[in-house]
């Protein structure tokens, strides 16, 4: 019996040994797992132990912008991805897991924490939770890097105009010629553009009369003195304004493209302001904006807006490209807008029935200095014989706009020598006729670009009459074998100013009434179609 008990006891000893080994193995695996995956769980200040390295990064660390997690993994990330991983740092911690909570999690008492608290702050990473992040990025070496590139303030790709568009806290100071988009003080660099808010890019002679503005993104700007709810459009009335064609081509058409989409809820901020110009075109400006014009040169306030456009959108001369314009605007839309601003009575020219009770009305645009029709009286008599009621009027930049609009609107056909007076064709009703007389000197291409194409785009009928040598006053100044007559393009090749001085500033016209009568007949045919 005793021997049997001894055998049984001897047989149970290996089992106990194996059980102890199994317990010890599980303990070793558990401790190893804790050391590798959660070293913060082994913080035992009471025994003098502290974690020797920060925790590795996790997906949560990357989302919440944990500094140490990303720094600790920078080398391995770089070797795997070929570049250092940037992070976004939260600016407003919401829930900090305290050292006290971490210690309790590992079983240590809070009253034993004080001696190791400073060291733990240096070594432990505290996860944070935030409702938002900012673009303040940190590289693996701990140095701040530049915020990610955003869209530049200004678009300078267009050949005719530079446009700057901003949204946010924008401050406009006339005294400093600056338009500033406020950014975070953390921003290390200031973005700055120097622009002329007038759409004749590259024309140095023109831009000498246009104030240059500094458009920038910065953390420094003067304090607001006036706040606005409506957005702003900043532009210049310097440059070539005062010339009727340039009033339209350089300012009014581009201003229509830029400000009209706001449907009146926009403030016009003007630099290089000319009081007479503002007065003349005030009905148009009031149609574009419900607010008084702000004169940036005379105003000493710091105006603050939430949205600002500096500069005007512009296409070709006196032209709108529907594919590039807001809302698909066309020159017909611009003409309708202008007639509406000046309260024109007729929207469109009706058919022959409209002319049954009255004579068709012909407007001859007169000129004073150059490209004058020297036999205007003869042309008037010939037109009246054809059945026209004839009106002769001169229209320039100094003319009363409302009066000019009423006169043009009342006419069915408008004729004149190539020049700024033809710009008032915007007030002709749809389907009316524009006749452009082209002086000698191979000016047909320019005539078509400046007034022929715009007329067609405004829904007008267009006729063109190029004069012969016998109809030009140049025959009295040059012999017939002179390059003026034999090679007019040679003057074009010598530059615009030479061409203009020869064929535009120094030439008058005496129309051949017999030949021109055919043109007026064509105009009548267009009217009755």
*Counted residues, segment 225-238 - those being buried (at least 17 other Cβ atoms within 10 Å of the Cβ) and outside any strand (DSSP E or B)*: 4
*For residues that are assigned to a strand (DSSP E or B) and at pLDDT 95 or above, scanning just segment 365-379, find the one that is surrounded by the most Cβ atoms within 10 Å (Cβ to Cβ).*
365
*Please report, ordered by residue number, the helices (runs of 4 or more DSSP H) entirely within segment 417-529 with at least 2 residues that are in contact with a strand residue (DSSP E or B) (Cβ under 8 Å, 6 or more places away or on another chain), over 22 Å from residue 380 (Cβ atoms) and without any contact (Cβ under 8 Å) to a residue 60 or more places away in the chain.*
444-447, 453-457
*Does residue 306 count as within 23 Å of residue 230 (Cβ to Cβ), surrounded by fewer than 17 Cβ atoms within 10 Å (Cβ to Cβ) and at pLDDT 95 or above?*
yes
*What about residue 222, is it more than 22 Å from residue 399 (Cα to Cα), in contact (Cβ under 8 Å) with a residue 40 or more places away in the chain and either buried (at least 22 other Cβ atoms within 10 Å of the Cβ) or within 19 Å of the chain's Cα centre (by Cα) (or both)?*
no
*Taking segment 291-332 on its own, how many of its residues are outside any strand (DSSP E or B) and in contact (Cβ under 8 Å) with a residue 40 or more places away in the chain?*
24
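The values are calculated or read from the model by the stated rules, or taken from the named source; none is laboratory data. Fair warning: this is a prediction, and the values are worked out from it, not measured in the lab. Cβ atoms come from the backbone with ideal geometry, glycine included; neighbour counts cover every protein chain shown.
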